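Report on one structure; see the data block that follows.
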Amino acid sequence: MVQNETIGHKHATALIIMFTLGSSLIMGGASIAGKDGWISILLAIAASIPLVMIYARILSLHRGNCIFEITEILFGTVAGTVMNVILVVYSLFLGSLVIRNFSDFVTVSMLQRTPQVIVILLYLIVVAYLVKSGIKTMGKWGIITFGIILFIVFLTIIISFHDMVFSHFLPVADKPIMDIITPAVDQFTYPYAETILFLSAFGALKKEDSPYKTYLRGVLIGGGILLVAFLRNAAILGDPTLLNSYYPSFMTTRISGVQDISERIESLVIINLFFTGIVKVSICMFTMAKGLAHIFRIYDYKKLVMPCAMMLFGMSPIVSPTPMDVFSSMTKYKYYAIPVQIVIPLLIWITAEIKTRKQKGGDGSEKKERRQKVVAN
Amino acid sequence: MPEAAIIIVMVYALVFFIDYLPLLRSQKTKEVWLYGCMMLISLILVLLVCFGVDVPSPFLY
C-alpha cells in the first residue's frame, strides 16, 4: 500500500464536513420529522459524538495504520479479512446509494430525457480521477469546496430571509416521541456514523494532528450546517410541504428569491450536491480500493480505483428500482448499517484497549524486574 | 436506453486500452484477474440495466 501520503487536520476536517453534508444537504436532514426535525438533528449529533470519539480512539491507539491493517493486527488474518470484506461491501453499498441519490435528483429535477447511466458515468469519471490523485488532493478539494458550500448555504439564507415564517416551528414537539426519535436514528446512521469510512483514510493523518479534534470538529460543523439548512427549509416550507417533498432544499430555493434581483437560485443548491456528493463518493471509492488492495495484498491501491469506479457504476442503477424506493429504503438502511457502524468499531476498540493495556502491563513488569535486579546488585 | 449502451461500451473500451492494457503487460497476475473480473461484472450489470432487464438489488430487496 502507498504509505507516503499524509493529510493535515484542516484538510481532514474539511473532508469530514463535506462527507457529512453529502446528499443529506439536498435531502434536507430530518425532514420526515416535519417541523420538529431540528430536535432529531440535535439528538443525532449528540449521539454521534461518543461514536466518533471511539473512531478517533481506535486511530490514536494505532497511529499510522488504517482500519484494514488494524483489524488484521488485532484479530488475525482470517477474522480481520472477514471484517475488511464487510467494510468493503458496505462502502460499495453506500457509494452506490449516494450516486443513485445524485443521479435521481439530476434526472428527476433537471435532465428528464437523459439516461441515468450517462449521468452516473460522467459523475464517476470525476470521482475516479480525484481518488487516483490521492488523499492529499482529496483533502485540498474538500477545503476549497467547503468554502463554496458555506458561502452558498448562507447566501440562500440571506436571499430567502424575507420568505421565512418562524411560526412554522410552533407548537414545538407536539408529535409522538417516536416521530422524533426515528428520524434521529436515521440521521445518526446517515450520515454521522458513516464517518467510520474515514478510518481507512486517516492512517495518513499527520502524527502531530489529533484524530479526536479532527473527528469532533468535522461532525459538529457538518451537523451545524445541516441544522441551519433544515431550519431554513422548515421556516420557508412549513410542516406539510416539508413532509411531502423529496428534496426540500431544492424546493426552498426554488420558491424563494428577491424579486427582479435574484431568481432561479436553485442552481446554487445543485452546485452544493455536486461538490458534497463528489467528496462522499470519493471516500467510499477510496475505502473500497484500499480495502481490496489490502485483502488481495496489492501494493498500490490506486491500481484498483478504476475497477472500483466500474463496480459502483454497475451497482448504482440497481441499488433500488425507482427514485421513490431510494427514499423508502432509507428506513431499512439502518439495519444494514448499524453492525458496520457500531458493532465492528466497538469490537475493534475494546480489543485494541485490552491489547494495548496488556502490552503496557507487560512493559511495566519488565521494568519492575529490572529495577529489582539493580537494587539486589 | 440501448443508445446509452453504445456510449458505455465505448467508455469501457477506452478504460480497457488506457488503464487495463498496461496492467496486462506488467504481468501482475492478481491485479489483472481482480481488475478483469470487476470490469466484466460491472459491464454485464450496466448492459442489463440499459436493455431494461429488472435486476434485483442485492442489498435492500
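Just so you know, all these numbers are worked out from the coordinates, no wet-lab data involved. As the structure is a computational prediction, the values presented were derived from the model and not from experiment. All Cβ positions, even for glycine, are placed from backbone atoms using ideal geometry, and neighbour counts span all protein chains on display.
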So for A:LEU25, A:LEU347, fewest C-beta neighbours within 10 Å to most, what's the order?
A:LEU347, A:LEU25
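Using per-residue counts of other Cβ atoms within 10 Å, averaged over each peptide, order A:10-22, A:170-182, A:129-141 from highest down. Could the numbers behind the result be given before it?
Numbers: A:10-22: 26.4, A:170-182: 12.1, A:129-141: 20.0.
Final packing ranking: A:10-22, A:129-141, A:170-182.
Show me the ranking of peptides A:71-84, A:293-306 by mean Cβ neighbours inside 10 Å, starting with the highest. List each step's numbers first, then the result.
Values: A:71-84: 16.7, A:293-306: 19.0.
In decreasing order of mean packing, A:71-84, A:293-306 become A:293-306, A:71-84.
Under the definition of Cα pairs under 8 Å and six or more residues apart, what whole-number percent is the relative contact order of chain A?
On the way: 524 pairs, mean separation 147.8, N = 377.
39 percent.
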Tilt relative to chain A, helix A:37-61 - C-alpha long axis, 0 to 90 degrees, to 10:
20 degrees
Exceeding the 23 Å Cα-Cα cut-off - candidates A:LYS10/A:LYS280; A:LYS213/A:LYS280; A:LYS140/A:LYS334; A:LYS140/A:LYS280; A:LYS280/A:LYS332:
A:LYS140/A:LYS334
Report, in deg cm²/dmol and to the nearest 500, the calculated mean residue ellipticity at 222 nm for chain A, where each DSSP H run with n ≥ 4 adds -39500 (n - 2.57) and the sum is divided by the residue count.
-24500 deg cm²/dmol
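Quick one: B:CYS37, B:CYS50, A:CYS284, fewest Cβ neighbours within 10 Å first, how do they rank? Intermediate values should be presented prior to the final figure.
On the way: B:CYS37 12, B:CYS50 21, A:CYS284 29.
Ranked by crowding around the Cβ, least crowded first: B:CYS37, B:CYS50, A:CYS284.
Give the average, rounded to an integer, of partner chain Cβ atoms located within 10 angstrom of each Cβ in A:215-221. Walk me through the numbers before you get to the answer.
Working: counts 0, 0, 0, 0, 0, 0, 0.
The per-residue average across the peptide is 0.
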Can you pull the mean other chain C-beta count within 10 Å for peptide A:285-298?
1
How much length, in nm to one decimal, is gained on full extension between A:PHE151 and A:ILE73, taken as 0.36 nm per residue of separation minus their Cα-Cα distance?
23.8 nm
Calculate the mean, over all residues of peptide A:344-354, of how many other protein chain Cβ atoms lie within 10 angstrom of the residue's Cβ.
0
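Using only alpha carbon positions, build the gyration tensor of the protein assembly as shown, then give the equivalent ellipsoid semi-axes as the square roots of 5 times its eigenvalues, largest first, whole angstrom. Write out the running numbers ahead of the final one.
Values: eigenvalues 280, 185, 70 Å².
For the protein assembly as shown, the semi-axes come out at 37, 30, 19 Å.
At 222 nm, what helix-only mean residue ellipticity would chain B give, in deg cm²/dmol to the nearest 500, using -39500 (n - 2.57) for each DSSP H run of four or more?
Numbers: 3 runs with 42 residues, N = 61.
About -22000 deg cm²/dmol.
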Under 21 Å Cα-Cα from A:LYS175, which lysines qualify once same-chain neighbours fewer than 8 residues away are excluded?
A:LYS35
